[in-house]
Amino acid sequence: MRMVATARAKRFLCGALIVCALACLLLLGLLLLNKSGKTLPVFYGQVNIYQTRSELLMEAMRRVGACTPEDAAKTWADGLKARSAALQYAAMNDMLKEEYAKRLETTAPNWVTGVSSPWVESYTLVKLNEGSVGSKTAELAFTLATSTGPAGKYSASLLLAVENGFWRVAGISMDEALYPYTGF
């Protein structure tokens, strides 16, 4: 009987050592993840699913883009018309995206831009000018409206450049009246 108890004690001790080793490896892994700038929550309840989703979508936007300068300009302009900072963000280069996301934290934290009235009724890509190698300038005209009729015409100029194989908005110049529609 004493041999059986000794064998059980050895198995228990061996199992306890394995569990402790696995726990140490898990903690070491978590520590290394945190040092690399990534985090891994210990419990699912600690995950903010909306923050995670946002971060993943923003990272995905770095890997997709417009194949033509016209498409980049139109995506950005569609964002103004739809009151969507996400569409505007999707069309921007990395540097502008970073600046824009920081600005939106105070001007439009829900990423809804513009105002209910007047709204952007329509836009036209007026002209696409050649720039330096790998860049172009898009001239856009926006028409604003209210429930009582037209509310003016305003213009914006976008510097478009190739970044990571896609055309992206690298600079924005616009009439001041368009600022609320961009979140800047």
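The relative contact order of the stretch 48-105 comes to 24 percent, based on Cα pairs under 8 Å that sit 6 or more residues apart. Taken as Cα centroids, the stretch 156-184 and the stretch 46-120 sit 11 Å apart, rounded to the nearest whole angstrom. With 20 Å as the limit, the listed pairs Lys127/Lys153; Lys81/Lys102; Lys74/Lys153 have Lys81/Lys102 beyond it between alpha carbons.
Amide hydrogen proximity for Thr113: with H placed 1.01 Å from N in the peptide plane, the residues at 5 or more positions away or on another chain lying under 5 Å are Ser84, Ala85.
Can you give the percent of C-alpha pairs in the stretch 58-182 whose distance is more than 17 Å? Result for the distance tail: 54 percent. Directionally averaged projected area (the stretch 116-170, Cα convex hull): 4.5 nm². Provide the FRET efficiency to the nearest 0.05 for the Ser117-Leu57 pair, computing r from the beta carbons and using R0 = 45 Å. Efficiency, rounded to the nearest 0.05: 0.95. The ranking of Arg103, Arg168, Arg53 from fewest to most other beta carbons within 10 Å of each one's beta carbon is Arg53, Arg103, Arg168.
Values in this text are rule-based calculations from the coordinates and carry no lab data. None of these values were measured; they are calculated from a predicted model. Here the Cβ is made from the backbone with ideal geometry for all residues, glycine too, and neighbour counts use every protein chain on show.
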